[in-house]
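Below are the structure tokens for one structure; questions will follow.
The values are calculated or read from the model by the stated rules, or taken from the named source; none is laboratory data. Predicted model, so just to flag it, every value in this text is computed and none were measured. Here Cβ is always computed from backbone atoms with ideal geometry, including for glycine, and neighbour counts include all displayed protein chains. Keep in mind that these areas ignore ligands, DNA and RNA; they rest on the heavy atoms of the full protein, side chains included. Shrake-Rupley method; radii C 1.70, N 1.55, O 1.52, S 1.80 Å.
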Amino acid sequence: MAIVELKNVAKNYGGAHGGSNAVDDFNLTTRDGEFVVLVGPSGCGKSTTMRMIAGLERNTEGEILIGGKDVSQVPPKERDIAMVFQSYALYPHMSVAENMGFSLKLKKRPAAEIRAKIDEAAQTLGIEHLLARKPRELSGGQRQRVALGRAIVRNPQVFLMDEPLSNLDAKLRVDMRAEIVKLHQRLKVTTFYVTHDQVEAMTMGERIVVMKDGRIQQIDTPLNLYDYPANRFVAGFIGNPSMNFLRARYVDGTVSGEGYRFALDDARRQAVEASGAGEVWVGLRPEHLTLASDATTAGESGHAGPNRVEGTVDVVETLGAVTMVQLRVGDATLTAQLPGHQPVAFGDTLSLTCTSDRLHLFDVESDLALGQSRASAAPATAAV
Ligand SMILES: Nc1ncnc2c1ncn2[C@@H]1O[C@H](COP(=O)(O)OP(=O)(O)O)[C@@H](O)[C@H]1O
Ligand SMILES: [Mg+2]
């Protein structure tokens, strides 16, 4: 186990990539034994960051410390890190046991010790019965278990897992992600886990680093990312289905546009007033929209209600537990997730509401969140 620190880390591949950095100004200090997830769209710099921690790429700026030690001069082999990738990279001619024990054999550990470590890891992963098989005789899920086993036997200070579940089918992915979390709870090894899947990130990460275009957008716990996204990118990326955005006019405590109108509570009102903006992005999570009753739902702040968004139904998806409805609201499309089965049909006019305390607001220039500050915002590192 070890604390990993990245300080102003940047990577420039140079060449055809021109002057732009694949990773820029990356700052993060893990806790000892923390499970950190890096999430973001393809090409945002997740793998580059992992490869720099592993020593497979040199960072062009900044410092990386593992266990308090600057590792810039430490070759990958000596960093005491085990990596698990999307491709299992098992040796095809070796048995499962031989694959798992190979790194220890290279280190010339005694055979009895290697055997004991293999058996222990195999038991943890439930693959004892597969030890004599060759990789080609295994399913994808079993191969990935072997790859994990090979990492575990090394007893590393740090695990780096780069989209390890991407080759598995959906159901197996859900099972394996729960297993990796359990494994982490047992081994308590500092782990970096990369995924482009925000559900995986939300369910696995103690803290999540949301990245875009090589830059960290926000680092926080899953729930804080959901409740207090720092900008419109994070707001849209975290949460499924994605947050809706409406471009609204702001006048006197109210945000409105064609087909909708919401009263702001005092905190949000003050934030918008302070920004001096006459327009804002209003963010509405699909699961926070509910059918409006005829009764007036005044904003919590006591400003003139009701909070309403009205549109024409375009698509209805009946999923059993919930009904997903797509509405046309002026020029915008809005998704609402309504509970249970709703008697809604194409072409209906639907009136929805959302309480003022669930509105998200973003600056139209900077895309930064307005008025969602929280007491714990500053010490994101210390909070967990
Ligand atoms: N070896 C390389 N040489 C040049 N550019 C690279 C190399 N590896 C990655 N890149 C570029 O760096 C950026 C980040 O890539 P990567 O770290 O692989 O992203 P991710 O893992 O988030 O999908 C991308 O623009 C990618 O094209
Ligand atoms: Mg990658």
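What number comes out for the charge environment of A121, summing +1 per Lys or Arg and -1 per Asp or Glu over other residues with Cβ under 15 Å away?
Overall, the nearby charge balance is +4.
Let me ask you something else. Taking 8 Å as the Cα distance limit and 6 or more residues as the minimum spacing, I'd like the relative contact order of segment 39-99 as a percentage.
21 percent
May I ask for the net charge around D70, where only other residues with Cβ less than 12 Å from the Cβ of D70 are counted and Lys, Arg are +1 while Asp, Glu are -1? Write out the running numbers ahead of the final one.
Working: positive: K7, K69, R79; negative: E5, E63.
Net charge around D70: +1.
Right, something else. Which FRET efficiency value, to the nearest 0.05, is calculated for K171 and V364 with the Förster distance at 41 angstrom and r the Cβ-Cβ distance?
Calculated value: 0.50.
Right, another one. If each of R109 and H129 carries a label point 7 Å out from its Cα toward its Cβ, how far apart are those two points in nm?
So the label points at R109 and H129 sit 2.6 nm apart.
Now for a different question. Per residue, how big is the convex hull of segment 242-363 when only Cα atoms are used? Give it in Å³.
Details: hull volume 11.4 nm³, N = 122.
So the per-residue hull volume is 93 Å³.
Which order do E57, E98 take when ranked by solvent-accessible area (1.4 Å probe, heavy atoms of all protein chains), largest first?
E98, E57
Highest first, please rank the peptides 31-39, 144-152 by the mean number of other Cβ atoms sitting within 10 Å of their residues. Please report the intermediate quantities before stating the final value.
Values: 31-39: 21.0, 144-152: 24.8.
Going by the mean number of other Cβ atoms within 10 Å, highest first, we get 144-152, 31-39.
Over segment 141-246, what is the relative contact order in whole percent, taking alpha-carbon pairs under 8 Å and six or more residues apart?
Values: 96 pairs, mean separation 19.4, N = 106.
The normalised contact order for segment 141-246 reaches 18 percent.
When averaged across all projection directions, what area in nm² does the alpha-carbon convex hull of segment 41-108 cover?
Working: hull surface 25.6 nm².
Averaged projected area of segment 41-108's Cα convex hull equals 6.4 nm².
Using alpha-carbon pairs under 8 Å, 6+ residues apart, how would you state the relative contact order of the chain in percent? Can you show the working numbers first?
Details: 790 pairs, mean separation 59.2, N = 384.
Worked out over the chain, it gives 15 percent.
Treating the Cα atoms of the chain as identical point scatterers in vacuum, please give the log10 of the normalised Debye intensity I(q)/I(0) at q = 0.08, 0.12 Å⁻¹, two decimals.
These q points yield log10 I(q)/I(0) values of -0.53, -0.98.
Can you work out the accessible area per residue across the chain, with the rest of the protein chains kept in place, probe 1.4 Å, in square angstrom?
Numbers: 17620 Å² over 384 residues.
Heavy-atom accessible area per residue stands at 46 Å².
For segment 4-232, with equal point scatterers placed on the C-alpha atoms only and solvent neglected, what are the log10 I(q)/I(0) values from the Debye formula at q = 0.15 1/Å, to two decimals?
Rounded to two decimals, the profile gives -1.02.
Pairs K108/K134; K46/K108; K77/K171; K7/K171; K108/K171; K11/K117: which exceed 30 Å Cα-Cα?
On the way: K108/K134 23 Å; K46/K108 34 Å; K77/K171 35 Å; K7/K171 38 Å; K108/K171 39 Å; K11/K117 37 Å.
Violating the 30 Å limit, Cα to Cα: K46/K108; K77/K171; K7/K171; K108/K171; K11/K117.
Using a cut-off of 15 Å between beta-carbons, work out the net charge of the residues near V280 (Lys and Arg +1, Asp and Glu -1, V280 not included). Could the numbers behind the result be given before it?
Numbers: positive: R232, R247, R249, R261, R268, R269; negative: D252, D265, E273, E279, D363, E365, D367.
Once positives and negatives cancel, what remains is -1.
Could you work out what % of the accessible surface of segment 4-232 is carbon and sulfur, using a 1.4 angstrom probe and leaving DNA, RNA and ligands out of the count? Don't jump to the answer; show the numbers that get you there.
Values: 5080 of 10250 Å².
For segment 4-232, the apolar C and S fraction of the accessible surface comes to 50 percent.
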